[in-house]
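Colleague: Dropping the structure in here first, questions after.
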Amino acid sequence: MKIIGICGGSGSGKTTLVEAVRAHLSTDIVSVISQDSYYKNHDTLTFEERCELNYDHPNAIDYDLFVSHLNQLKDGESIHSPIYSYSEHLRSDQFTKVFPKPVVLVEGILIFAHPSLRELFTTTIFIDAEDDTRLRRRMARDIQTRGRNLEEVKHRFEDTILPMHNTHIQPHKETSDYIFDNNKDDVSRLGSFCNLVDKLIQ
């Protein structure tokens, strides 16, 4: 089994690239796990209290469960990956069943920030995009799919996301096995990324 870690800042295009690879490869070959499924479940807090939490800091991630699930996949066992609600900031009662496959793609902003998780990756790829590019993509996504408004998205990006990115994400760029430039939005980048993954899994 090859476990490929795909990290990059919020809005860098990780999910789009991973979904392109999922469509490119046979479903018999690849499974995908998102870090977003492993946010801690603060079900004892009120909604207002959950909204004030910093979801861009490593403390927001349930790394114990994340590492345990990856090890289970390595051992040939299927897992029940949590489903996380962005609107409620809570885990759902449902889950996604993930099966062990020859290739497992793991994507997220903070997957390189935890040594025990990072050491499970066969290969590490950093998705690189400029701050203004990431903000533009973040605005489009959060307004359209997560019910946020323009000022809310911009304020959070500048006050929380960018400082956390510079502290916990960007430093891992130079220590990654591959750096993939994802500043452009043209379709050709999807093919280039699929070609990179093809090379890694041969």
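A short reminder: the numbers here are calculations on the coordinates, not readings from a lab. This one's a predicted model, so the numbers in the text were calculated from it and none came from an experiment. Cβ sites come from the backbone with ideal geometry, for glycine too, and all protein chains shown count toward neighbours.
Colleague: Give a quick list of chymotrypsin sites (Phe, Trp or Tyr not before Pro) in region 5-91 that DSSP marks as loop, anything other than H, G, I, E or B, with at most 15 other Cβ atoms within 10 Å.
Modeller: Hits after loop and neighbour filter: 86.
Colleague: Now for a separate question. Would you order 126, 95 from fewest to most other beta-carbon atoms within 10 Å of each residue's own beta-carbon?
Modeller: Arranged by neighbour count, lowest to highest, 126, 95 become 95, 126.
Colleague: Across region 1-121, how large is the tail of the calculated P(r) beyond 19 Å, expressed as a percent of all Cα pairs?
Modeller: 48 percent
Colleague: What's the longest uninterrupted piece of the chain once you rule out the GluC sites (Glu not before Pro) that are loop residues per DSSP with at most 14 other Cβ within 10 Å?
Modeller: Excluding the exposed sites themselves, the longest stretch runs over 1-51.
Colleague: Spin-label point model (7 Å from Cα, Cβ direction): what's the residue 160 to residue 132 distance in nm?
Modeller: It works out to 2.6 nm between the two label points.
Colleague: Let me ask something else about it. So what are the ³J(HN,Hα) numbers for region 16-28, from phi and the Karplus equation (6.51, -1.76, 1.60; θ = phi - 60°), rounded to whole Hz, Gly and Pro as x?
Modeller: Residue by residue, region 16-28 yields 4, 5, 5, 5, 5, 5, 4, 6, 6, 8, 5, 5, 6 Hz.
Colleague: Counting Lys and Arg as +1 and Asp and Glu as -1, each charge on the Cβ, what is the dipole of region 120-202 about the Cα centre in debye, to the nearest 20?
Modeller: Numbers: 13 positive and 15 negative charges, 60 e Å.
The dipole magnitude comes to about 280 debye.
Colleague: With equal scatterers on the alpha carbons only and no solvent term, can you work out the Debye log10 of I(q)/I(0) for region 1-59 at 0.12, 0.17 1/Å?
Modeller: Taken in order of the listed q values, log10 I(q)/I(0) reads -0.44, -0.74.
Colleague: May I ask you to sort 17, 70 by Cβ crowding, counting other Cβ atoms within 10 Å and putting the fewest first?
Modeller: Fewest-to-most ranking of 17, 70: 70, 17.
Colleague: To the nearest 20 debye, what charge dipole does region 1-64 have about its Cα centre, counting +1 at the Cβ of each Lys and Arg and -1 at the Cβ of each Asp and Glu? Walk me through the intermediate numbers first.
Modeller: Working: 5 positive and 10 negative charges, 83 e Å.
In total the dipole reaches around 400 debye.
Colleague: Output the relative contact order of the chain, whole-number percent, from Cα pairs under 8 angstrom with separation of 6+ residues.
Modeller: Relative contact order comes out at 35 percent.
Colleague: Dipole size in debye (nearest 20) for region 2-201 around its Cα centre, Lys and Arg Cβ +1, Asp and Glu Cβ -1?
Modeller: Dipole about the Cα centre, nearest 20: 500 debye.
Colleague: Placing +1 on the Cβ of each Lys and Arg and -1 on the Cβ of each Asp and Glu in the chain, which of 87, 112, 6 has its Cα farthest towards the positive end of the resulting dipole?
Modeller: Comparing the listed Cα positions along the dipole, 6 ranks first.
Colleague: Still on this structure, please answer the following. What FRET efficiency comes out for the pair residue 97/residue 23, r = Cβ-Cβ distance, R0 = 30 Å, nearest 0.05?
Modeller: About 0.90, to the nearest 0.05.
Colleague: Which label marks the calculated value of semi-axes √(5λ) of the Cα gyration tensor in Å, given the options (i) 41, 22, 18; (ii) 25, 22, 16; (iii) 30, 20, 16?
Modeller: Calculated semi-axes √(5λ) of the Cα gyration tensor in Å: the matching label is (ii).
Colleague: For a Förster distance of 25 Å, can you work out the FRET efficiency between the beta-carbons of residue 59 and residue 2, rounded to the nearest 0.05?
Modeller: 0.30
Colleague: On a 22 Å Cα-Cα criterion, which of the cross-link pairs 97/184; 74/173; 101/199; 40/154; 14/154 come out too long?
Modeller: 97/184; 74/173; 40/154
Colleague: Work out from phi, with θ = phi - 60° and the Karplus expression 6.51 cos²θ - 1.76 cosθ + 1.60, the ³J(HN,Hα) of each residue of region 31-42, listed in order in whole Hz, and give x for Gly and Pro.
Modeller: With coefficients 6.51, -1.76 and 1.60, one gets 10, 10, 10, 9, 4, 4, 6, 10, 5, 4, 9, 8 Hz.
Colleague: Something else: Over region 120-202, with a single point scatterer placed on each C-alpha, what log10 of the ratio I(q)/I(0) does the Debye formula yield at q = 0.15, 0.21, 0.27 1/Å?
Modeller: -0.70, -1.08, -1.25
Colleague: Convert each backbone phi in region 187-194 into a coupling constant with the Karplus relation 6.51 cos²θ - 1.76 cosθ + 1.60 (shift: θ = phi - 60°), then list the ³J(HN,Hα) values in order as whole Hz, x for Gly and Pro.
Modeller: Values, residue by residue: 5, 4, 5, 5, x, 5, 5, 4 Hz.
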